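The values are calculated or read from the model by the stated rules, or taken from the named source; none is laboratory data. These numbers were taken from a predicted model, which means no experiment stands behind them. As a convention, Cβ positions derive from the backbone with ideal geometry for all residues, glycine included, and neighbour counts pool all protein chains shown. Surface accessibility is based on the protein's heavy atoms, side chains included, excluding ligands, DNA and RNA. Shrake-Rupley method; radii C 1.70, N 1.55, O 1.52, S 1.80 Å.
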Amino acid sequence: MIQDQYIGKQRFQLVSEAKRRRYHQSPSNAKVIDWAISEIKKYVEQGPVLDLACGNGRHTKDLVSGSPMVCAGDISFAMLKAAREHLGDDKAIRALRLDAENLPYPDGAFEVTFSARFFHHLPEPVRARILGEIFRVSKNAALVTMKKRGSFEHIRTIAKYILKGKPFQYQRFFCTVGEFDRVARSHGWMVKKAVSPFPILSANCAVLFEPINRSC
Ligand SMILES: C[S@@+](CC[C@H](N)C(=O)[O-])C[C@H]1O[C@@H](n2cnc3c(N)ncnc32)[C@H](O)[C@@H]1O
């Protein structure tokens with residue numbers, strides 16, 4: 001049975017994990033993030049942006065250039081410390097500790113919510129819960145990255161467990177855009193667009209959501 005507590009929730013609490021995180025990224029992840037950030041800039045207008053599960057803040061600065069204010073939130077003090085060091089003293093950025101499963105913001109507090117490299121750490125029930133929180137606090141759009149089922153990267157991950165003879169440890173959860181769309185529709189949102197730059201090789205994908213009444 002998949003437990004409700006996912007590995008990423010504890011692992012990133014560690015200082016060593018915060019230090020290990022890199023500021024550079026793979027070509028497919030970089031393409032996904034570039035697309036997501038360019039989309040976000042179309043929605044920002046005058047409102048604040050939430051960088052959810054911001055980690056060491058490697059994407060937060062890119063969001064500031066389109067928005068007057070960015071809240072960078074993460075559950076891990078160690079990751080937030082690394083983010084504060086990386087981001088410096090920028091008045092447009094607030095870095096704070098929060099739990100994505102229960103966001104401390106009123107409905108519609110942000111124009112857009114962005115969340116990179118977070119959803120593939122989440123088992124299905126937690127994914128749906130956190131997506132629900134994102135839709136609740138966002139007004140115009142939400143952009144998240146995920147890992148799609150069926151790519152070479154997905155098959156390689158399964159093969160690694162089999163070849164090492166290890167019990168399957170859920171560190172990465174691969175899912176489908178259809179699943180995201182079903183959850184979104186149950187909250188009055190929908191998937192507007194999904195982009196995966198190297199769909200056969202890499203599982204990386206960015207998903208843009210909008211409220212259904214805005215998309216019609
Ligand atoms: C792989 S890192 C991604 C960081 C960053 N978005 C990036 O792209 O580099 C995943 C992050 O999710 C955070 N996290 C895990 N569970 C969380 C939760 N329930 N609420 C907020 N952050 C959480 C971890 O602390 C970690 O920093």
* Taking Asp89 and the conditions (1) farther than 29 Å from Lys19 by Cβ; (2) open to solvent by 10 Å² or more (accessible area, probe 1.4 Å), which numbered condition does it fall short on, given that it satisfies the others? -> (1)
* Identify all residues within the range 1-44 that are surrounded by 13 or more Cβ atoms within 10 Å (Cβ to Cβ), in a loop (DSSP other than H, G, I, E, B) and at pLDDT below 80; write none if there are none. => Tyr6, Arg21, Gln25, Val44
* To do: Being within 15 Å of the ligand (Cβ to nearest atom) and without any contact (Cβ under 8 Å) to a residue 40 or more places away in the chain is the filter; apply it to the range 104-129 and report the residue that is surrounded by the fewest Cβ atoms within 10 Å (Cβ to Cβ).
  => Pro104
* the range 190-216 residues that are surrounded by fewer than 16 Cβ atoms within 10 Å (Cβ to Cβ), paired with ones that are aliphatic (A, V, I, L, M) (beta carbon under 8 Å, 6 or more apart) -> Lys193/Val207; Lys193/Leu208; Ile212/Met190; Ser215/Met190
* Considering only residues of the range 58-71 that are more than 16 Å from the ligand (Cβ to nearest atom) and under 17 Å from Gly88 (Cα atoms), which is farthest from the chain's Cα centre (by Cα)? -> Pro68
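Yes or no, residue by residue, for (1) away from the ligand (no atom under 14 Å from the Cβ); (2) outside any strand (DSSP E or B); (3) out of contact with any strand residue (DSSP E or B) (no Cβ under 9 Å at 6 or more places or on another chain):
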{"residue": "Leu131", "(1), (2), (3)": "no, yes, no"}
{"residue": "Ala141", "(1), (2), (3)": "yes, no, no"}
{"residue": "Met146", "(1), (2), (3)": "no, no, no"}
{"residue": "Ile158", "(1), (2), (3)": "yes, yes, yes"}
{"residue": "Leu163", "(1), (2), (3)": "yes, yes, yes"}
{"residue": "Arg182", "(1), (2), (3)": "yes, yes, yes"}
* Report the residue count in the range 138-159 for those that are modelled with pLDDT of 95 or more and more than 19 Å from Lys42 (Cβ to Cβ). => 1
* Name the residues in the range 58-77 that are open to solvent by less than 20 Å² (accessible area, probe 1.4 Å) and part of a helix (DSSP H, G or I), would you? -> Thr60, Leu63
* Asked: Does any residue of the range 160-167 turn out to be crowded, with 17+ Cβ neighbours inside 10 Å and not basic (Lys, Arg)?
  -> no
* Filter the range 160-195 for residues that are touching a Pro at 6+ places or on another chain (Cβ under 7 Å) and at pLDDT below 95; which is nearest to Leu122 (Cα to Cα)? -> Phe173
* Quickly run through the range 45-57 and pick out the residues that are away from the ligand (no atom under 16 Å from the Cβ), open to solvent by 10 Å² or more (accessible area, probe 1.4 Å) and within 30 Å of Ala78 (Cβ to Cβ). => Pro48
* To do: For the range 1-44, enumerate the residues that are charged (D, E, K, R), within 11 Å of the ligand (Cβ to nearest atom) and within 17 Å of the chain's Cα centre (by Cα).
  => Lys9, Arg11, Arg21, Arg22
* Hey, Gly55 hits all of (1) under 25 Å from Val126 (Cβ atoms); (2) modelled with pLDDT under 90 but one; which does it fall short on? -> (2)
